[in-house]
Amino acid sequence: MTITCLDLEGVLVPEIWIAFSEATGIPELKRTTRDEPDYDKLMKFRLDILEKKGLGLKEIQDVIATIDPLPGAKEFLDELRSVCQTIILSDTFSQFAAPLMKKLGMPTIFCNELVVAADGKITGYKMRCEKSKLTTVKALQSIGYDTIASGDSFNDLGMIQASKAGFLFRSTEQIKKDYPQYPAFEEYADLLAAIKANI
């Protein structure tokens, strides 16, 4: 019994913070988990900028409403879900992910939660669990599942390394160079074929 675990941003949908950075003209918000391995440090950096600029959840959700899945992502996901159970493991937040899940056909997603004040200001965040992607993969394995994992960033490496098969997808040149043992793909058809070969 196999479950495929996929990252969300950069794999199925564009990077939300990059889209928000472009919409607001705040270049510092382009920094993502591809650039910063320490997620806590990255989120504190982001929340500090939002505080200084007076931006809250509504402004981010307005940008998210304009984001569509990457070309071919829904078709890839539909095909993958027809051959194997699939869970999206993301370090994003339920308040960001919900509209994107509708556009992807409501796949299962495990993600985190923002702490939002009554005025819409984002005051913090709650991680679902520590090292959420790796912890989830290990939990699935503990109840009898084999896992296959794919992602593009530093925070995906734990689940990729712990799975029976792991793949990089549209990752950075540096990550591909540092982890040459993991096949790296750019096209959904190639990733789908590699997953199917390991189910």
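Using alpha carbons only, what's the Rg to Rh ratio of segment 76-185 with Rh from Kirkwood?
Across segment 76-185, the Cα-based Rg/Rh ratio is 1.00.
May I ask you to derive the relative contact order of segment 132-199, considering only C-alpha pairs under 8 Å and at least 6 residues apart, and to give it as an integer percent?
That works out to 25 percent.
In terms of the Cα gyration tensor, with a ≥ b ≥ c the square roots of its eigenvalues, is segment 123-192 rounded because a/c is under 1.5, prolate because a/b exceeds b/c, or oblate?
It comes out oblate by the Cα gyration axes.
Once Rh is set to the Kirkwood radius over Cα pairs, what Stokes-Einstein translational diffusion coefficient, in µm²/s, holds for segment 109-158 at a temperature of 37 °C and a viscosity of 0.692 mPa s?
Roughly 256 µm²/s, to the nearest whole number.
Please report, as a whole percent, how much of the solvent-accessible surface of segment 56-198 comes from carbon and sulfur atoms (probe radius 1.4 Å). Please list the in-between numbers first.
Numbers: 3590 of 6790 Å².
Exposed carbon and sulfur together represent 53 percent of the surface.
Can you give me the accessible area per residue for segment 1-147, using a 1.4 Å probe, in Å²?
Per residue, segment 1-147 has 48 Å² of solvent-accessible surface.
Projected area of the chain, taken from the Cα convex hull and averaged over every viewing direction, in nm²?
So the mean shadow area of the Cα hull is 10.7 nm².
So, in nm, how far is label residue 45 from label residue 199 when the simple model puts each one 7 Å beyond its Cα toward the Cβ?
3.8
Among all stretches of the chain without exposed GluC sites (Glu not before Pro) (DSSP loop, at most 14 other Cβ atoms within 10 Å), which one is longest? Walk me through the intermediate numbers first.
Values: sites that count: 130, 186, 187.
Answer from the scan: 1-129.
Rounded to the nearest whole Å³, what is the per residue volume of the convex hull around the Cα atoms of segment 17-76?
Roughly 103 Å³ of hull volume per residue.
Please compute the contact order of segment 65-197 in relative form: average sequence separation of alpha-carbon pairs under 8 Å and at least six residues apart, divided by the residue count, as a percent.
Computed over segment 65-197, the figure is 17 percent.
How many angstrom lie between the C-alpha centres of segment 38-104 and segment 113-130?
Segment 38-104 and segment 113-130 have Cα centres spaced 15 Å from each other.
The values are calculated or read from the model by the stated rules, or taken from the named source; none is laboratory data. Since the structure is predicted, the reported quantities are computational estimates derived from the model, not experimental observations. Positions of Cβ are backbone-derived with ideal geometry, glycine not excepted, and every protein chain shown enters the neighbour counts. Remember, those area values only see protein heavy atoms, side chains included, never the ligands or the DNA or RNA. Shrake-Rupley method; radii C 1.70, N 1.55, O 1.52, S 1.80 Å.
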